[in-house]
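Quick notes on the structure that follows.
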Amino acid sequence: MPDPAQQRNLTVLWMKAQPAVSAYLHSIIFDRHHAEDLLQQTAMHCTDKFEQYDPARPFTAWAMGMARLNALHYMRTRGRDRHRFGDDLLASLAQAQVAVHEEEGTAMADALRLCLADLPKHNRRMVELRHLRGMSPPDIGQKIGKTGNSVAVTLHRIRKGLGKCITQRIDDAGPAGE
């Protein structure tokens, strides 16, 4: 099990990779319950083997490799199933899913940067204190002269507004290359 700092890092990385891993597993495993089981197995394997992860490489691709191995094992144990995909196709699907995830992540990151730049300075400061420095709402409140509850409500509204802004910017941009 990773130490607490590694555990936090793993949690953040997994939360970013999980949608792509889930989409990949659901695209190749037709029973959604089995796909969900494999997703949980993949999360456990990523946790168990996190020490082997090379941070110089994309985590999503590494997690996708774990998912692919779990899917291959699942399909081998269910070899009589007529819907079994070949190893090459599974690898191609995993690579395609990673590429889509990275492209969407880049578009989202670009939109987030632009949306953050549009925030009033005091709101941007609260976001920085909370999400970059890891301060709690009560600590932020002490620093800026507001109550912790007021900060929490303001941060909630800011995140909601950022979500709408990001969605709007991505929708306005359309598919890549437009």
Next item on the list: Could you rank the peptides 160-171, 16-27 by their average count of other C-beta atoms within 10 Å per residue, with the highest value first?
Entry: 16-27, 160-171
Notebook entry, point to check: Put a dot 7 Å past each Cα toward the Cβ at residue 40 and residue 144; how far apart are the dots in nm?
Noted result: 4.0
Margin query: Taking θ = phi - 60°, what integer Hz values does the Karplus form 6.51 cos²θ - 1.76 cosθ + 1.60 yield along the range 130-141, in sequence order, with x for Gly and Pro?
Written below: 6, 9, 9, 9, x, 6, 7, x, x, 5, 5, x
Checklist line | Cα-Cα pairs of the range 1-64 separated by more than 16 Å (percent) | finding: 43
Next item on the list: Label the range 112-178 by shape, choosing from rounded, prolate and oblate, from the square roots a ≥ b ≥ c of the eigenvalues of the Cα gyration tensor; if a/c is under 1.5 it is rounded, and otherwise prolate applies when a/b is larger than b/c, oblate when it is not.
Entry: prolate
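We did not get these values from a lab; they are worked out from the coordinates using the rules stated. Here the structure is a predicted model, which means the values were calculated and not measured. Every residue, glycine among them, receives a Cβ derived from its backbone with ideal geometry; neighbour counts consider all protein chains shown.
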